[in-house]
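To start, the structure under review is shown below, and the notes come after it.
The values are calculated or read from the model by the stated rules, or taken from the named source; none is laboratory data. Quick caveat, the model's predicted, so the values are computed rather than measured. With ideal geometry, Cβ positions are generated from the backbone for all residues, glycine too; neighbour counts draw on all protein chains shown.
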Amino acid sequence: MSTDEEMLNSITERIIGCAYRVGNELKHGFLEKCYENAMVHELRKQGLKVQQQVGLQVWYDGIVVGEYFADLIVEDSILIELKAVEPLVPIHSAQCIHYLTATRIPLCLLINFGRRVGIKRLAGPSFYKGAHS
């Protein structure tokens, strides 16, 4: 395992710990924004660099055709997409893959604060090329 992968795994473990702390404290039923704000607080308590609601542009034929907002980006290396739904559906994973492609960030954690905390780890194209932001 490369040093970059070890670093990503270490950050991922810390993020997952934060998600479980937030989920155990807030339980389910709140709007996504509550979980997002709680996650930012927990991640920063862990000493991690966190960007919230990061704008992403979608380009087509040389023009911007849309803009989306990634919930969180941690340490410029892991994108976090938060949901508060039952259940996750395939479009949620597809959304993460598109964000990873647009940002060239290697990993996304899709975290769902449903009845239980659910976490899905998705790797983007740059993960397989070994390129990191």
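Of the conditions (1) out of contact with any helix residue (DSSP H, G or I) (no Cβ under 7 Å at 6 or more places or on another chain); (2) more than 16 Å from Phe113 (Cβ to Cβ), Gln46 fails just one. Which one is it?
With respect to (1) out of contact with any helix residue (DSSP H, G or I) (no Cβ under 7 Å at 6 or more places or on another chain); (2) more than 16 Å from Phe113 (Cβ to Cβ), Gln46 is out only on (1).
Since Leu88 meets every condition but one in (1) at pLDDT below 95; (2) assigned to a helix (DSSP H, G or I), which condition does it not meet?
Checking Leu88 against (1) at pLDDT below 95; (2) assigned to a helix (DSSP H, G or I), the one that fails is (2).
Of the conditions (1) modelled with pLDDT under 90; (2) touching a helix residue (DSSP H, G or I) at 6+ places or on another chain (Cβ under 8 Å), Trp59 fails just one. Which one is it?
Of (1) modelled with pLDDT under 90; (2) touching a helix residue (DSSP H, G or I) at 6+ places or on another chain (Cβ under 8 Å), only one is false for Trp59: (2).
Considering only the stretch 3-16, state which residues are free of Cβ contacts under 8 Å to residues at least 60 places away in the same chain and either closer than 17 Å to Arg115 by Cα or of a type in the set (Val, Ile, Thr) (or both).
Thr3 - this is the single residue of the stretch 3-16 that is free of Cβ contacts under 8 Å to residues at least 60 places away in the same chain and either closer than 17 Å to Arg115 by Cα or of a type in the set (Val, Ile, Thr) (or both).
Within the stretch 115-130, track down each residue that is touching a Pro at 6+ places or on another chain (Cβ under 7 Å) and either surrounded by 15 or more Cβ atoms within 10 Å (Cβ to Cβ) or more than 22 Å from Gln57 (Cα to Cα) (or both).
Answer for the stretch 115-130, where residues must be touching a Pro at 6+ places or on another chain (Cβ under 7 Å) and either surrounded by 15 or more Cβ atoms within 10 Å (Cβ to Cβ) or more than 22 Å from Gln57 (Cα to Cα) (or both): Gly124, Ser126, Phe127.
Mind checking whether some residue in the stretch 91-114 is surrounded by fewer than 20 Cβ atoms within 10 Å (Cβ to Cβ), closer than 20 Å to Gly17 by Cβ and not aliphatic (A, V, I, L, M)?
yes
Do we find that Leu109 is in a strand (DSSP E or B), touching a Cys at 6+ places or on another chain (Cβ under 6 Å), modelled with pLDDT of 95 or more and closer than 24 Å to Glu25 by Cβ in this structure?
Here the answer is no, as Leu109 does not meet what is asked.
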